[in-house]
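Read the structure below first, then the notes.
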Amino acid sequence: MIDITLPRPCWVCGITHIEPYIDKIPETRYIFYELDYNNEEYKNEVLRGYADRNIAVVYQRTRRGFHFWGDLRHISINQEFQRSFRHLNADGSFNTTLRVKRKTPDEVFEMPLYQGPEPRPNWAKALMYFLSLEY
């Protein structure tokens with residue numbers, strides 16, 4: 001008999017920018033962005049994009065790059081934002097969900113940072129608390 005040991009399951013969770021809905025698609029989205037490169041110049045370009053649009057943002061360095069979670073805005077702003085930074089990622093994909101838990105024990109997962117007006121909105125405080133617990 002062969003003894004097969006299966007790997008321990010690793011659960012991850014994500015936050016989607018599409019709110020739950022029953023009949024009508026909501027007209028607002030959280031302005032997410034995932035940067036696939038650990039490049040300070042690219043990161044600063046994305047942060048300027050949030051600041052220029054007056055969007056509060058929580059961001060965090062991850063394994064290969066950065067995750068950015070922005071406040072709610074009209075869907076047209078979300079589409080314009082995604083298009084304006086599409087050139088920064090190799091695949092040019094539109095992100096709809098960002099993973100917020102580590103996949104491997106050695107994965108880089110730094111403390112989240114906030115950029116925006118004070119006092120911080122509740123969504124930003126709650127997200128930063130959750131990300132800090134995972135850190």
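Pairing residues of segment 108-130 that are under 21 Å from K43 (Cα atoms) with residues that are part of a loop (DSSP other than H, G, I, E, B) and open to solvent by 80 Å² or more (accessible area, probe 1.4 Å), at Cβ distances under 8 Å and at least 6 apart in sequence or on separate chains, gives V108/R63; F109/R63; F109/Y135; E110/Y135; M111/Y135; P112/Y135; Y114/R120; M128/R120. Checking each residue in segment 61-88 for being buried (at least 18 other Cβ atoms within 10 Å of the Cβ), among the basic types (K, R) and at pLDDT below 90 picks out no residue at all. Scanning segment 25-60 for residues that are under 16 Å from Q115 (Cβ atoms), open to solvent by 60 Å² or more (accessible area, probe 1.4 Å) and in contact (Cβ under 8 Å) with a residue 40 or more places away in the chain returns Y30, Y42.
Here E118 fits the description: part of a loop (DSSP other than H, G, I, E, B), among the charged types (D, E, K, R), open to solvent by 60 Å² or more (accessible area, probe 1.4 Å) and at pLDDT 70 or above.
The values are calculated or read from the model by the stated rules, or taken from the named source; none is laboratory data. Owing to the predicted nature of the structure, the values given are computational and were not obtained by experimental measurement. Quick reminder, even Gly has a Cβ in these numbers, built from the backbone with ideal geometry, and neighbours come from all protein chains shown. We work out accessible area using only protein heavy atoms, side chains counted, and drop any ligands, DNA or RNA first. Shrake-Rupley method; radii C 1.70, N 1.55, O 1.52, S 1.80 Å.
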